[in-house]
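J.: Here you go, one structure.
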Amino acid sequence: MVEATPMHFFESVPADSGLTDRFGRQLTYLRISVTDRCNMRCDYCRPAPDAYKAEPHDQILRYEEIERIVRVAADLGVNKLRITGGEPLVRRDLAVLVKKLASVPGITDLSMTTNATLLGKYAADMAKAGLQRINISLDSLNALRFRKLTGGELAPVLAGIKAARAAGIGPIKLNTVLMRGINAGGEHSEVAELIDFAGENDATIRFIELMPMKQGMDWDHHYISIDDVLQRDDVRARVEVDAVLKTGNTAARYLPLKSGKGEVGFIMPMSERFCEGCNRLRLTSDGGLRSCLPADHQLNLRDLIRGGGSDDDIRAVFLRSAMIKPEIGLYDFEADSEKRSMIHIGG
Ligand code: SAM
């Protein structure tokens, strides 16, 4: 549900009130989707190509609009930004936006999530513009499987990882969505191989449990828990599975590698909810502000801005978004749930 945003929620909103929700969580992290277009079509992330229709360009936030929203958010205490999509690097002149966001006072952490296919071309520009860190999706090291799952090619992704390192963007994190029968479970498992690959490439790998979205892949069929994965002999040979899970200030939990060189991360949105420490807000490419990934609700900042809304009005929308952030994000399994695909929301 998209809520139209009235021009004036509050008579006046103090600039220093910060973004604390009803449960005492401080919201300091904004994920910004810059496009709902992608040069891949990962089965877990988007509807079938014929069912997928990208938003018209004029419905997508312009860079000046994103920058303005970020300035207000930073005033309210947001200090961490992640640029995502769709595929962020398919948006023209993305370095222009990165540079703008890197110079917003108060922003201390600027990162991007990408499929890396275009990093060979743009990594140096991104580094120069001020991008600090990068997360790269890598679901398989098998070229055929990779193509079947994503519709794209593995080779440019591997080249993109190298280019990011060469450009000095780091640390590099690799994200793998676990899917039974595809890259996890039985003889399909690539978990051990991916851990080795990350080690050889100076990257930290994080395995993510598959989330059920309205227009994603068949969750019942492909979901596998991290717990299941940690039972495997080839994983136990590499990971200190009995160590205490390290909890950082993100959704990931970490276990040390037996090699002594680094750690491996696990993101468990399904088996271990991390709502308690959630500090996130999301801005969709068409200007929706969402305070909870699986909740359907979003507030419309684009129309507010284009209707002449002031910075105070934008601030009020942020405060309202914090106010309605649910204590726990629910993935309901009702067929009529409106939960959209990740390509629409921005993962
Ligand atoms: N195109 C970029 C990429 O591939 O990294 C950024 C956007 S993509 C939506 C961001 C992340 O969302 C990916 O790392 C992917 O792992 C995650 N994602 C998408 N759909 C998911 C699902 N159903 N369950 C778990 N993770 C998902």
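Read-outs throughout are calculated quantities, based only on the coordinates presented, and are distinct from any laboratory measurement. Predicted model, so just to flag it, every value in this text is computed and none were measured. Don't worry about glycine lacking a Cβ; one is built from the backbone with ideal geometry, like all the others, and counts go over all protein chains shown.
J.: Name the one entry in 290, 238, 253 that is farther than 21 Å from residue 328 by Cβ and crowded, with 17+ Cβ neighbours inside 10 Å.
T.: So the residue among 290, 238, 253 that is farther than 21 Å from residue 328 by Cβ and crowded, with 17+ Cβ neighbours inside 10 Å is 238.
J.: Another one. Looking at this structure, is residue 111 in contact with a strand residue (DSSP E or B) (Cβ under 7 Å, 6 or more places away or on another chain) and hydroxyl-bearing (Ser, Thr, Tyr)?
T.: So residue 111 fits the description; yes.
J.: Next question, about the same structure. Look through 245, 210, 257, 289 and report the one residue that is under 28 Å from residue 71 (Cβ atoms) and either touching a residue at least 12 places away in the same chain (Cβ under 8 Å) or charged (D, E, K, R) (or both).
T.: 289
J.: Of the residues that sit in segment 106-136 and are surrounded by 21 or more Cβ atoms within 10 Å (Cβ to Cβ) and among the small types (Gly, Ala, Ser), which one is nearest to residue 181 (Cα to Cα)?
T.: Here the residue is 116.
J.: Return a yes/no flag: does segment 79-93 have any residue that is within 13 Å of the ligand (Cβ to nearest atom), outside any strand (DSSP E or B) and without any contact (Cβ under 8 Å) to a residue 40 or more places away in the chain.
T.: Yes, the conditions are met somewhere in segment 79-93.
J.: Let me spell it out: the conditions are (1) surrounded by 19 or more Cβ atoms within 10 Å (Cβ to Cβ); (2) touching a Gly at 6+ places or on another chain (Cβ under 6 Å), and residue 159 meets all of them except one. Which number is the exception?
T.: Of (1) surrounded by 19 or more Cβ atoms within 10 Å (Cβ to Cβ); (2) touching a Gly at 6+ places or on another chain (Cβ under 6 Å), only one is false for residue 159: (1).
J.: Ok, one more. With the requirement that a residue be out of contact with any helix residue (DSSP H, G or I) (no Cβ under 8 Å at 6 or more places or on another chain) and closer than 20 Å to residue 36 by Cβ, what does segment 106-136 give you?
T.: Those that are out of contact with any helix residue (DSSP H, G or I) (no Cβ under 8 Å at 6 or more places or on another chain) and closer than 20 Å to residue 36 by Cβ: 111, 135.
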